[in-house]
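Notes follow once the structure below has been shown.
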Amino acid sequence: MHIYICLETFLNNPDLISKIKEYYQSGHHITIACTTLFRNTHTVKNIEGMLQPLEGSYHCLNFFKPAYDKIIDDKALQHSFQAPAL
């Protein structure tokens, strides 16, 4: 499965780190992406540094909205976040 994860969501919900790593270790393709506003206010080097807690448990950093099977984005959530089951 290809999973798109909004960088801002991951940064605002540190509890997602273990879930993202679990998805990655289970063989899912993980794409981290960020919004235009976020890209315009941070350098690529800063953004790459923000990914350090994932310890490489993602396949690519995308600056455009990619195709995905599942989306994890706090802007799509209406209630408190709970990571979806595998």
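Against the definition (under 13 Å from the mean Cα position of the chain (by Cα), modelled with pLDDT of 90 or more and surrounded by 12 or more Cβ atoms within 10 Å (Cβ to Cβ)), how does Ile30 come out, yes or no? In short, yes.
Filter segment 1-27 down to the residues that are of a type in the set (Ser, Thr, Tyr) and either assigned to a strand (DSSP E or B) or free of Cβ contacts under 8 Å to residues at least 40 places away in the same chain (or both) and list them by number. Matches in segment 1-27: Tyr4, Ser18, Tyr24. Could you tell me whether Ile47 is touching a Cys at 6+ places or on another chain (Cβ under 8 Å), surrounded by 12 or more Cβ atoms within 10 Å (Cβ to Cβ) and at pLDDT 90 or above? Against the criterion (touching a Cys at 6+ places or on another chain (Cβ under 8 Å), surrounded by 12 or more Cβ atoms within 10 Å (Cβ to Cβ) and at pLDDT 90 or above), Ile47 qualifies.
The values are calculated or read from the model by the stated rules, or taken from the named source; none is laboratory data. Note that this is a predicted model, so its numbers are computed, not measured. Reconstructed Cβ throughout: ideal geometry from the backbone, glycine too, with neighbour counts over all protein chains shown.
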